[in-house]
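Okay, so here's the structure we're looking at.
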Amino acid sequence: MQLQQLQYFVAVAETRHFTRAAETVHVAQPSLSQQIKALERELGADLFQRARGNITLTDAGEALLPLARRILADADTARHEVLELAQLRRGRVRLGATPSLCTGLLPDVLRAFHDRYPGIRLMIEEGGSHDLVRELARGALDLALVVLPLPTASPALTTVELLREDLVVVSSPEAPRPGGGRRAVRIADLEGERLVMFRHGYDLRELTVAACRAEGFEPDFAVEGGEMDAVLGFVRAGLGMAVVPRMVAARSGRGLRVTPLARPGLYRTIALAHRSDVAPPRAARELQRMLLER
């Protein structure tokens, strides 16, 4: 079994077309077909059901596809690791993070990393913890900043707790103060208040909704479905209030009133995760060290 054969197999699986797959990997279509047939002989099973104009995966093909993607991703990581110079003058780091962490925690750390290693290319992917865990597992990311507990148990990942961050309530300065003007508000004080809510998949959405339900009420959404920047913009416009991380509120405080939550409050635990079975590339390990020492 050759990496090239796996690359051709993945291309056909993704395009469901031999000619388009050959164009994707820049090889003649007969050569691609021959390599696929050789792979099938090696494995002792057909990977595709071939019908005119309709290419589908067999059960064997469905089983091989995620493994092939992971093998190719690992091979790509190994290639980049070997190509890195000893002084980390070049390379790349593929880092995943939730949007709120991209706004709050990462800018200062990434600036320090870039100043020290200007030749390292930083590739950032934003997403919810569930999506980032999936991308880590399939080898598409080197590291990810996720919110604990993970949405599903994943023994293939190693996580290291990075920080615990308080959540606060943000509102427009022109709107009435939450909680009747108290210096700190309780979750119960949000009952009946109009909230600006993140889209599904945001850890902050699940955390806020669960806290409201624990107090015996369903939150009232004025607007829902936004990303972090949109949520803050809607709050500034006076559409409602939102529960956001303290770091995000501190960085985006212009045009926002920030009110802490009364004890015990709400917080989230941020962890740095990577695959347990593959060591992160050298550049990623250096970024990991800077994040843990920040």
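Points to keep in mind about this one:
- Between L148 and E174, the FRET efficiency from the beta-carbon distance, with R0 = 51 Å, is close to 0.90.
- In the assembled protein chains, D277 presents an accessible area of approximately 100 Å² (probe radius 1.4 Å).
- Dipole moment magnitude, nearest 20 debye, segment 74-198 about Cα centre, only Lys, Arg, Asp, Glu C-beta charged: 240
- Distribution of pairwise C-alpha distances over segment 119-182, 5 Å bins, in %: 3, 12, 20, 16, 11, 9, 10, 8, 7, 3, 0
- Surface analysis of segment 208-294 yields an accessible area of 48 Å² per residue, using protein heavy atoms and a 1.4 Å probe.
- Amide hydrogen neighbours beyond the local backbone of F221, cut-off 5 Å, H modeled: L195
- Largest to smallest principal axis extent of the C-alpha atoms in segment 123-248, angstrom: 48, 29, 23
- Across segment 162-204, the convex hull enclosing all Cα atoms gives 117 Å³ per residue.
- Three-way shape call for segment 1-70 based on the alpha-carbon gyration tensor, with the a/c threshold at 1.5: rounded
- Size descriptors for segment 197-294: radius of gyration and Dmax over Cα atoms are 16.9, 49 Å.
- Size of electric dipole in segment 148-245: Cβ of Lys, Arg +1 and of Asp, Glu -1, about Cα centre, debye, nearest 20: 220
- Anisotropy class of segment 51-118 from Cα gyration tensor, a/c 1.5 cut: oblate
- Equivalent ellipsoid dimensions for the chain as semi-axes, Å, which come from the Cα gyration tensor, largest first: 45, 24, 16
- Solvent-accessible surface of segment 43-83, taken per residue with a 1.4 Å probe and all protein chains present: 63 Å².
- Under 13 Å, Cβ to Cβ, from A237 - net charge with Lys/Arg +1 and Asp/Glu -1: 0
- Simple rule: put +1 on each Lys or Arg Cβ and -1 on each Asp or Glu Cβ in the chain, find the dipole, and look at P176, A112, N54; the Cα lying farthest toward the positive end is A112.
- Cβ-Cβ distance of D46 and A262, R₀ of 45 Å, FRET efficiency by 1/(1 + (r/R0)^6): the value works out to about 0.10.
- Two-decimal ratio, segment 84-126, of alpha-carbon radius of gyration to 2.2 N^0.38 Å: 1.21
- Axis angle, to the nearest 10 degrees, between helix 59-83 and the longest C-alpha principal axis of the chain: 80 degrees.
- ³J(HN,Hα), Karplus 6.51/-1.76/1.60, whole Hz, each residue of segment 95-102, x for Gly, Pro: 10, x, 7, 5, x, 5, 6, 5
- Taken along the Cα-to-beta-carbon direction at a fixed 7 Å, the label points for V160 and L3 span 2.8 nm.
- Accessible surface ranking for I55, I270, 1.4 angstrom probe, highest first: I55, I270.
- Heavy-atom accessible surface of the chain: percent carbon and sulfur, 1.4 Å: 50
- Kirkwood-Stokes translational diffusion coefficient of segment 65-182, alpha-carbon pairs, 20 °C, 1.002 mPa s, µm²/s: 127
- Computed from point charges on the beta carbon alone (+1 for Lys and Arg, -1 for Asp and Glu), the dipole magnitude for segment 105-150 about its Cα centre is near 120 Debye.
- Each residue was assigned an accessible area with a 1.4 Å probe, and for E135 the value is about 20 Å².
- Per-residue SASA entry for I187, accessible area with 1.4 Å probe, Å² rounded to 10: 20
The values are calculated or read from the model by the stated rules, or taken from the named source; none is laboratory data. Because the structure is a prediction, the values reported are computed rather than measured. All Cβ positions, even for glycine, are placed from backbone atoms using ideal geometry, and neighbour counts span all protein chains on display. Note: accessible area is taken over every heavy atom of the protein model, side chains too, but ligands, DNA and RNA are not part of it. Shrake-Rupley method; radii C 1.70, N 1.55, O 1.52, S 1.80 Å.
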